[in-house]
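Worksheet for the structure shown next.
The values are calculated or read from the model by the stated rules, or taken from the named source; none is laboratory data. Because the structure is predicted, anything quoted here is derived from the model rather than measured. When we count neighbours, we look across all protein chains shown, and the Cβ atoms used for this are built from the backbone with ideal geometry, even at glycine. Accessible surface is based on the protein model in full, side chains and every heavy atom, while ligands, DNA and RNA are left aside. Shrake-Rupley method; radii C 1.70, N 1.55, O 1.52, S 1.80 Å.
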Amino acid sequence: MDMKIVCIPGDGIGPEIVSQAKLVLERVAEIYGHSVETKDVLMGGASIDEYGIPLTDETIAACKSADAVLMGSIGGDAATSPWYKLPPDKRPEAGLLGIRKALGLFANLRPAYLYPELKSACPLKEETCVKGFDLLIMRELTGGLYFGARKTEQIDGKRVATDTLVYSEDEIRRIAIKAFDVARKRRRLVTSVDKANVLDSSRLWRAVVEEVARDYQDVELKHMLVDNCAMQLVRDPSQFDVVLTENMFGDILSDEASMITGSIGMLPSASLNETSFGLYEPSHGSAPDIAGKDIANPIATILSAAMMLRYSFSLEKEADAIEKAVQDTLRDGVRTGDLILPGDTRKSVGCRAMGMEIVSRIA
Ligand code: IPM
Ligand code: MG
């Protein structure tokens, strides 16, 4: 297969981690007889520095002409970076939201899996870690509070800010369908998370998810309020399979889910539209404090490349090969600094070395 991939290395640790994921893709292509063609484009802070805006039409066009997009991370330190002196719609994050919207990437899949080798890094109670967990957050990505109208105005001499949370039934239906489809390939349980005891948008969410569930009699549906879900994730994450939720709740819960895997450096994500096209990125941020030091953990980006092979190219064997190489690397005790707990005397490896260790185990 010929794979045309556009890469958005982005800001902070983005370029380092994307380089390692590219090497992994190239190795897989070599072993399994595919060809990968990659092209780098700018987005976020890097694009602001070059063009004055976080997302150009050229970047959108390049992404649209590719089979899939691999992204590192965007954004800088809000306290010190000049990017954050710009109006909100000119900052790096606006580029990310813009590309999600421009490419119609409404479904964001964020799996959170506790590797047996990392159980000791899991911050939960021992009896909870021992059970392990394997869940996937299906986050709606192009609606809700992120994209509703917002304004800040003066009313009677006081500043008043408004954000709007809007969902149409079509937006809810299409993400619910994705969640049930994915659940069919997993353990056939969807937990739909909302705040239906307060929000109208959540009451509509619940009603539409129930309608969709009628077409999936083989998948169990549970509803859970978002505050309870935040609690259940640290009490017993093994109860979840697919967690279906709206944009903002998904943003928050996916960070929580990533933390309980031992490090936020482990979690990949896929953002999909109706077709096989997708944008793949680690769930973590750009970590400007450790950028350029060759100490970032490239695993989340490498696993995002595996998700790309699986979802955009239907290359299951090849995706499995990457995931197995990551698992074998961890089993052999290789760790970046974020995966080493206080008291563990093991020496950590850097970003490039971790990439090499994984590449060398791809078979
Ligand atoms: C994420 C990030 C983004 C989001 C930010 C950077 C806009 O936190 O992908 O989870 O809130 O969606
Ligand atoms: Mg987030």
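Report summary: the helix-based calculation at 222 nm, which adds -39500 (n - 2.57) for every DSSP H run with n ≥ 4 and divides by the residues of the chain, gives -12500 deg cm²/dmol. Only Cα pairs under 8 Å and 6+ residues apart enter the sum, and on that basis the relative contact order of region 123-260 stands at 38 percent. Classify region 1-113 as rounded, prolate or oblate from the Cα gyration tensor: take a ≥ b ≥ c as the square roots of its eigenvalues, call it rounded if a/c is under 1.5, otherwise prolate when a/b beats b/c and oblate if not. The shape class here is prolate. Each DSSP beta bridge with both residues in the chain is either parallel or antiparallel, and the antiparallel ones are about 45%. Between LEU135, SER120, TYR311, the Cα set farthest toward the positive side of the dipole of the chain (charges on each charged residue's Cβ, about the Cα centre) is that of SER120. The count of lysine pairs in region 16-150 with alpha-carbon distances below 22 Å, taking only pairs 8 or more places apart or on different chains, stands at 8. Just want the answer: with Cβ charges of +1 for Lys and Arg and -1 for Asp and Glu, which residue in LEU145, VAL198, PRO237 is farthest toward the dipole's positive end in region 123-260? The Cα lying farthest towards the positive end belongs to PRO237. Placing +1 on the Cβ of every Lys and Arg and -1 on the Cβ of every Asp and Glu, with no other charges, gives region 123-260 a dipole of roughly 100 debye about its Cα centre.
Annotation: amide H-H contacts under 5 Å for ALA112 (H modelled 1.01 Å from N, sequence separation of 5 or more, or interchain): LEU135, LEU136, ILE137. Could you tell me whether the chain comes out rounded, prolate or oblate from its Cα gyration tensor? Rule is a ≥ b ≥ c as square roots of the eigenvalues, rounded for a/c under 1.5, then prolate if a/b exceeds b/c, otherwise oblate. It comes out rounded by the Cα gyration axes.
Surface analysis of the chain yields an accessible area of 44 Å² per residue, using protein heavy atoms and a 1.4 Å probe.
Coupling constants for region 152-164 follow from the phi torsions by the Karplus curve (6.51 cos²θ - 1.76 cosθ + 1.60, θ = phi - 60°), and in residue order they are 10, 9, 9, 10, 6, x, 10, 6, 10, 10, 10, 10, 10 Hz; glycine and proline get x.
Counting only DSSP beta bridges with both residues in region 123-260, the antiparallel share comes to about 30 percent.
Computed about the Cα centre, the dipole magnitude for region 198-280 is approximately 120 debye when only Lys and Arg (+1) and Asp and Glu (-1) carry charge, each at its Cβ.
Dipole of the chain computed with +1 at Lys/Arg Cβ and -1 at Asp/Glu Cβ about the Cα centre; of ALA62, THR164, ILE8, farthest Cα towards the positive end is THR164. Along region 166-176 the Karplus relation, 6.51 cos²θ - 1.76 cosθ + 1.60 evaluated at θ = phi - 60°, assigns HN-Hα couplings of 10, 9, 9, 5, 5, 5, 6, 4, 5, 6, 5 Hz to successive residues, with x for each Gly and Pro. Highest mobility in the GNM of the chain, judged by mean-square fluctuation with C-alpha springs under 10 Å and restricted to GLU50, GLU153, GLU140, is found for GLU153.
Measuring with a 1.4 angstrom probe and ignoring ligands and nucleic acids, LYS101 comes out at about 100 Å² accessible. Put the Cα centre of region 287-308 next to the Cα centre of region 117-163 and the gap is 21 Å. Sorting ILE175, ILE53, ILE74 on solvent-accessible area from highest to lowest, probe radius 1.4 Å, gives ILE53, ILE74, ILE175. Here the accessible area of region 123-260 is 51 percent carbon and sulfur, with a 1.4 angstrom probe and all protein chains present. Put a plus charge on the Cβ of each Lys and Arg, a minus charge on the Cβ of each Asp and Glu, and nothing anywhere else: the dipole of the chain about its Cα centre is then about 380 debye.
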